[in-house]
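The values are calculated or read from the model by the stated rules, or taken from the named source; none is laboratory data. Small disclaimer: the values here were computed from a predicted structure and weren't measured. Quick reminder, even Gly has a Cβ in these numbers, built from the backbone with ideal geometry, and neighbours come from all protein chains shown.
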Amino acid sequence: MEITLRNGSPEDASACGILCYEAFKAIADKHNFPADVPNPEAATGLLSMIFSLPDIYSVIAEADGRIVGSNFLWEGSSIAGVGPITVDPSAQNSAVGRRLMTDVLERAHRRGAAGVRLVQASYHSRSLSLYAKLGFDVREPLANMYGSALGLEVPGYSVRPAAEADLDGCNRLCLRVHGFDRGTELLGAIRQGTATVVEHDRRITGYATGIGFFSHAVGESNEDMKALIGAAPEFTGPGFLLPTRNGELFRWCLENGLRVKQTMTLMSLGLYNEPAGVFLPSILY
């Protein structure tokens, strides 16, 4: 199969959305797991949103004039995030995934990204192997948590909607925990009305862009993260991602009725600092 690559555009959203759904469903069905994308319409909506954002690079793989794969590089921070990457099930074993990954990694290198990160489904051993061969290291085992909103409060930790005036304080917190900030994502979440902050002793000690698959959260302590999770009106998408090395927070979620849908793996290439605080990654990192 002769593969050619080109830049993506919003006009590709429909074809890429259908392919995204089919690809994720085929892999999930093979391993008896629920698909991350519930239907073609949801996948098309997601891809339409991604193609519309100015700080996301897209690449399309074609063979014989038809789209057989796509990949994306999120460039809004000094750390770039990869995904979703999809390959047509009929084009497996043709190096499409490697070509798409190599392309976005070369793009990240040209743009001087300090590092690149991604999250992969643990049951998908082939993607784990590919990313390791490309230089990615395993950093965190994750649990995809799901369930009904908890409606819980943590005494001494108050949660409220985030405002643009909170941006600098939240960015400083993220910098202390991770060594970089995710201000572009946070600002977008504030303007969409999904971001929250938690305050303790009259200062911001944590924030979340939301509690869900495409959201991330940072806190000084487990109590901060419990407050953010407990106050979330819903867990968006397939649920949120929790680092399972944080045994206390993992058990707290389980004890409050949340369940594990699947396990996943956070991987990184380039700059990585062991987090100096509590965090929930997004499906990107």
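Summary table below
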{"read-out": "Candidate set from the range 29-66 (those that are of a type in the set (Ser, Thr, Tyr) and in a helix (DSSP H, G or I)); member that is surrounded by the fewest Cβ atoms within 10 Å (Cβ to Cβ)", "value": "Ser52"}
{"read-out": "Every residue from the range 83-102 that is modelled with pLDDT of 95 or more and either surrounded by fewer than 17 Cβ atoms within 10 Å (Cβ to Cβ) or among the aromatic types (Phe, Trp, Tyr) (or both)", "value": "Arg98, Thr102"}
{"read-out": "Residue satisfying condition, being in a strand (DSSP E or B) and either touching a Phe, Trp or Tyr at 6+ places or on another chain (Cβ under 8 Å) or of a type outside the set (Ser, Thr, Tyr) (or both), within set Leu249, Leu266", "value": "Leu266"}
{"read-out": "Every residue from the range 133-177 that is free of Cβ contacts under 8 Å to residues at least 60 places away in the same chain and either in contact with a Pro (Cβ under 6 Å, 6 or more places away or on another chain) or not assigned by TED's automatic domain parsing to the domain that holds Gly257 (or both)", "value": "Lys133"}
{"read-out": "Elements of type strands (runs of 3 or more DSSP E) contained in the range 95-193, each with 1 or more residues being under 16 Å from Trp74 (Cβ atoms) and in contact with a strand residue (DSSP E or B) (Cβ under 8 Å, 6 or more places away or on another chain)", "value": "115-121"}
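Residue-by-condition table, conditions (1) within 18 Å of Leu173 (Cβ to Cβ); (2) of a type in the set (Ser, Thr, Tyr); (3) touching a residue at least 60 places away in the same chain (Cβ under 8 Å):
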residue: Arg191; (1), (2), (3): no, no, no
residue: Lys226; (1), (2), (3): yes, no, yes
residue: Glu234; (1), (2), (3): no, no, yes
residue: Leu242; (1), (2), (3): no, no, yes
residue: Gly247; (1), (2), (3): no, no, no
residue: Leu254; (1), (2), (3): no, no, no
